[in-house]
Amino acid sequence: MIRKPVVNQIITFFLFVFFLFIATPGLLASNQGSSSNSVKSEATKEGHEIGDMIMEHVSDAYEWQLLTIGEHHISIYLPVILYDQGHWIVFSSSRLKHGEASYKGYYIAKKGSNIGKLVRKNAEGKEVLPHFDISITKTVLAVFINSFLVILIFLSIAKSYRKRKGMAPKGLQSLVEPLIIFIRDDVAKNSIGEEKFERYLPYLMTLFFFILFSNLFGIFPFFPGGSNVTGNIAITGVMAFFTFVITTVSGNKHYWTDIFNTPGVPWWLKLPVPLMPFVEVLGIFTKPFVLAVRLFANMLSGHIVLAGFISLIFIFGMFGVGLGYGVSVFSIAFAIFLDLLEILVAFIQAYVFVLLSALYFGMAVEVPEHH
């Protein structure tokens, strides 16, 4: 609720400024002749390149670039594992020369719908994806790192609880305990019920802290941060799928009765055309779908808008170095503001995902009171 109005205003401002100054050379072309046409073509080209750069920045990668010194790139090269054309292909991403070379006919697409993905050209000369791509990409490595850190931190906290039983929290334990109590009391217990919340608490805790760590590390620009984990629909989709499975398996008789024979609904909405049962069954699948898309879209849009503000410096710089420097003040100010907003959103999105998951579990195990 906090994020939407602010982000909508930011996106509107960004799109207005972006398209205004991309279109300006075209509006002046009739008065300025061939030189204006040149500026227009250059601006259009620059706009496309910046758009591709932004999408490449927020997409997954086959290497983790740590630092660039001049023309030299320092990266963590990850294994590429493909199954294509009837056989397995395994090689290091260093063979791709930071996306500038191909290996065995495979290369990283620079534009189009497959941007950032490993592709090859078929007999017709069209770019096609391999049949199966199970490479250890930047996002996969970030998932391993974030998971390891969550496990490490909570093993340490659990050890502190055992050693300091009945004592006031100390150190890392005191930092994390308010969040643990908040998820336990205000989310799990209130949404599921005091009698049944404990069986779902480990999953909800894991979900919350994994999403929170992934969101925060995605904002941090240096290794092991900088990977857009929760801005990847595959990651959010898997988490939503687990919520869907747990909800479906936990559903009691009352839950399924309400779906197929919703109380309080006129009979003509159930028979002969089962309109309400169809809507309720559809809701079983749309709920986790919306859960995945909400987290994915919010985190991805934040990264895109942030990269867009930085790109404005280069777009305006095409019309003069002074203009580029002038716009840089406002671009960096907005980027810093958006980064601070992203920290808040990191907590909000983790909370919303876990809260909705807990509400779904609560609906699945709810038993109506009989008076």
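We did not get these values from a lab; they are worked out from the coordinates using the rules stated. No experiment lies behind these values; they were computed from the predicted model shown. Note: ideal-geometry Cβ built from the backbone for every residue, glycine included; neighbour counts use all protein chains shown.
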(request) State the Cα centre-to-centre distance between region 152-219 and region 123-149 in whole Å. (result) 31 Å
(message) I need I192, I336, I315, I259 ordered by Cβ neighbour count within 10 Å, fewest first.
(response) I336, I259, I315, I192
(request) Pop the C-beta distance of I136 and I115 into the FRET formula with R0 = 22 Å and round what comes out to the nearest 0.05. (result) 0.65
(message) If each residue of separation counts as 0.36 nm, what is the full-extension length gain between L179 and T68 once their alpha-carbon separation is subtracted?
(response) 36.2 nm
(request) Would you mind working out the magnitude of the charge dipole of region 63-133 relative to its Cα centre, with +1 at each Lys and Arg C-beta and -1 at each Asp and Glu C-beta, to the nearest 20 Debye? (result) 140 debye
(message) One quarter of the convex hull surface, Cα atoms only: what value does that give for region 84-147 in nm²?
(response) 5.2 nm²
(request) Using R₀ = 35 Å, calculate the FRET efficiency as 1/(1 + (r/R₀)^6) where r is the Cβ-Cβ separation of Y255 and K159; round to 0.05. (result) 0.35
(request) Using amide H atoms built 1.01 Å from N in the peptide plane, name the residues 5+ places from I81, or on other chains, whose amide H lies under 5 Å from its own. (result) I134, S135, I136
(request) Report, in debye and to the nearest 20, how large the dipole of region 138-365 comes out about its Cα centre when Lys and Arg carry +1 and Asp and Glu carry -1 on their Cβ. (result) 680 debye
(request) Go through K189/K253; K165/K189; K253/K287; K138/K165; K104/K126 and tell me which ones have a Cα-Cα distance over 28 Å in this structure. (result) K138/K165
(message) Using Cα-Cα distances under 8 Å and only pairs 6 or more residues apart, what relative contact order does region 93-145 have, in percent?
(response) 17 percent
(request) Report the FRET efficiency, 1/(1 + (r/R0)^6), for I284 and N190, where r is their Cβ-Cβ distance and R0 is 25 Å, rounded to 0.05. (result) 0.65
